[in-house]
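Peer 1: Take this structure, written in structure tokens, and hold onto it; I'll ask about it next.
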Amino acid sequence: MAKKRKILVLNGPNLNLLGKRQPEIYGRLTLDQINKKIRSLAKELGVEIDIRQSNSEGDLVNWIQEAPREFGAIVINPAAYTHSSVAIRDAITAAGIPAVEVHISNIYKREEFRKHSYIAGAAVGQIAGFGAQSYLLGLRAAVEQL
Ligand code: DQA
């Protein structure tokens, strides 16, 4: 079967607040503004994308479980679930398609509890600390995995 040139971009909890949430850490761009940049890069790279955000762990798990039917790879910013969710890690492993973990901030420069990612062990790799650019780098990495 031909590999699907379609990428699922997932955002976890509180990322709907980007723009007004701790701008000194996460920048002043809203999620909509970041999504515009992602869509324009996707067009340039010739891939289809679907971008989703949820504050609920269950939604993210369900979307990851369903992803292989439609998508060839996942870009995910699991946000706070990075540091707590075995369920999201297991869903990525079970989905069996490549996932790229992205973070706006450099999680290794911050509080101790942010230095551990449950997701990293299931992801192809991780991009952290480049602000909104982390998503664009993540998309490029995901396209390479198709
Ligand atoms: C984040 C980092 C997480 O530690 C935090 O809980 C987030 C955002 C980032 O993109 O830098 O919500 O994933």
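Peer 1: Taking the stretch 105-146 on its own, how many of its residues are part of a loop (DSSP other than H, G, I, E, B) and of a type in the set (G, A, S)?
Peer 2: Going through the stretch 105-146 one residue at a time, the tally reaches 9.
For every residue, the table says whether it meets (1) of a type in the set (A, V, I, L, M); (2) at pLDDT 95 or above; (3) over 25 Å from Q145 (Cα atoms).
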| position | (1), (2), (3) |
| --- | --- |
| L10 | yes, yes, no |
| L17 | yes, yes, yes |
| Q33 | no, yes, yes |
| S40 | no, yes, no |
| R52 | no, yes, no |
| I64 | yes, yes, no |
| P68 | no, yes, no |
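Peer 1: Of the numbered conditions (1) crowded, with 20+ Cβ neighbours inside 10 Å; (2) more than 9 Å from the ligand (Cβ to nearest atom), A128 satisfies every one except a single condition; which is it?
Peer 2: For A128, the failing item is (2).
Peer 1: Determine if the stretch 25-47 includes at least one residue that is crowded, with 19+ Cβ neighbours inside 10 Å, of a type in the set (V, I, T) and within 20 Å of G121 (Cα to Cα).
Peer 2: Scanning the stretch 25-47, I find no residue that is crowded, with 19+ Cβ neighbours inside 10 Å, of a type in the set (V, I, T) and within 20 Å of G121 (Cα to Cα), so the answer is no.
Listed here are the residues, each with its yes/no results for (1) in contact (Cβ under 8 Å) with a residue 12 or more places away in the chain; (2) among the basic types (K, R); (3) within 19 Å of K6 (Cα to Cα).
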| site | (1), (2), (3) |
| --- | --- |
| E66 | no, no, yes |
| H83 | yes, no, no |
| I88 | yes, no, no |
| A91 | yes, no, yes |
| R114 | yes, yes, no |
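Peer 1: If you take the residues of the stretch 24-83 that are part of a loop (DSSP other than H, G, I, E, B) and within 16 Å of F130 (Cβ to Cβ), which of them is nearest to the ligand (Cβ to nearest atom)?
Peer 2: Filtering first and then ranking leaves G27.
Peer 1: Looking only at the stretch 1-23, count every residue that is assigned to a strand (DSSP E or B) and not β-branched (V, I, T) and tell me the total.
Peer 2: Initially, the stretch 1-23 is screened for residues assigned to a strand (DSSP E or B), giving 6-11.
Add one more test, that the residue is not β-branched (V, I, T), and what stays is 6, 8, 10-11.
Matching residues across the stretch 1-23 total 4.
Peer 1: Let me ask another. If I filter the stretch 102-110 for residues that are more than 9 Å from the ligand (Cβ to nearest atom) and closer than 20 Å to I7 by Cα, do I get at least one hit?
Peer 2: The answer is no, given that none of the residues of the stretch 102-110 is more than 9 Å from the ligand (Cβ to nearest atom) and closer than 20 Å to I7 by Cα.
Peer 1: Another one. Output yes when any residue across the stretch 95-104 is free of Cβ contacts under 8 Å to residues at least 40 places away in the same chain, of a type in the set (A, V, I, L, M) and in a loop (DSSP other than H, G, I, E, B), and no when none is.
Peer 2: yes
The values are calculated or read from the model by the stated rules, or taken from the named source; none is laboratory data. Model, not experiment: these values are computed from the prediction. Backbone-built Cβ (ideal geometry, glycine too); neighbour counts: all protein chains shown.
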